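Just below is one structure, and these are the notes that go with it.
The values are calculated or read from the model by the stated rules, or taken from the named source; none is laboratory data. Nothing here was measured: the structure is a model prediction, and the numbers come from that model. Reconstructed Cβ throughout: ideal geometry from the backbone, glycine too, with neighbour counts over all protein chains shown.
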Amino acid sequence: MKILTLLILVVTLSACASMHSSDPDSLAFSIPPGSVLALNQPVSYASNMTHAVIQFGKEITDNERQFYDINCRLDFKKFGPRTIEPEDFIVTRTEDGQNWVSQPSILRFYTEVYLASNKHTDIIKMVCQIYGDNIDRNFTVAEMQAALGDMITFKYKQQRPDKN
C-alpha cells in the first residue's frame, strides 16, 4: 500500500513539472534568459509617453492599436520625445499571464519580456498582448514574432540539455 501511495505521489508531482520546448511555435516555449531582442529599426515616442507600440510589423500610436490582434509595447524609464536607435537588448526573463479586462467576457493574454541594455538605454521591458475570451489561449513566441515583423527579431540563446 505504501508503494502504491508513493507511486501516485511521484506521478502527481511529475505531472506538475513545467513543460519545456525548444520550438517557438509551441505554447511551452519560453524565450531563454540571455537571448537577444534585436531592435532593427528606430522607434520614436511622444513627449507625454514612455513607450512605443508595434503591431503588424510597424510602429503605431496607442489610438491605432487593435486589441484583438497581438500588439507589443516597448517600455522605457524616460519620457519622450525620443527616438531609440537600433540596438540589441538582452532578455533577462519572461512572464506569461492573463487578467480580466471585463469579466466574464474579455480576457487580456500577455507576455512580458524583461530587457537589459549594454548601451545604457533605459529600456524596462516589452509587453505583448491580445484580448480574447475564456476559450482563447495565450499566444506563442512565433505568433508574437509575426506581430513584430522585421522591426524586432529574437536570437535565442541555446539551452543546455539536462543531464540525467
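Values as computed for the structure displayed
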{"read-out": "Conditions (1) part of a helix (DSSP H, G or I); (2) buried (at least 17 other Cβ atoms within 10 Å of the Cβ); number of the one not met by CYS72", "value": "(1)"}
{"read-out": "Filtered residues of the range 65-77 (kept if touching a residue at least 40 places away in the same chain (Cβ under 8 Å) and out of contact with any Lys or Arg (no Cβ under 6 Å at 6 or more places or on another chain))", "value": "PHE67, TYR68, ASP69, ILE70, CYS72, ARG73, LEU74, PHE76, LYS77"}
{"read-out": "Residue match in the range 45-54 (condition: of a type in the set (A, V, I, L, M), modelled with pLDDT of 95 or more, assigned to a loop (DSSP other than H, G, I, E, B) and over 17 Å from the mean Cα position of the chain (by Cα))", "value": "yes"}
{"read-out": "Residue within the range 110-123 that is of a type in the set (Lys, Arg) and surrounded by 11 or more Cβ atoms within 10 Å (Cβ to Cβ) present", "value": "no"}
{"read-out": "Residues satisfying the stated conditions in the range 107-164, i.e. modelled with pLDDT of 95 or more and β-branched (Val, Ile, Thr)", "value": "THR111, VAL113, THR121, ILE123, ILE124, VAL127, ILE130, THR140, VAL141, ILE152, THR153"}
{"read-out": "Hits in the range 36-48 (condition: of a type outside the set (Val, Ile, Thr), surrounded by fewer than 18 Cβ atoms within 10 Å (Cβ to Cβ) and in contact with a Ser or Thr (Cβ under 9 Å, 6 or more places away or on another chain))", "value": "ALA38, ASN40, PRO42, SER44, ALA46"}
{"read-out": "Residue match in the range 78-101 (condition: without any contact (Cβ under 8 Å) to a residue 12 or more places away in the chain, exposed (fewer than 15 other Cβ atoms within 10 Å of the Cβ) and out of contact with any helix residue (DSSP H, G or I) (no Cβ under 8 Å at 6 or more places or on another chain))", "value": "yes"}
{"read-out": "Meets criteria (of a type outside the set (Lys, Arg), in contact (Cβ under 8 Å) with a residue 12 or more places away in the chain and crowded, with 18+ Cβ neighbours inside 10 Å) for PHE139", "value": "yes"}
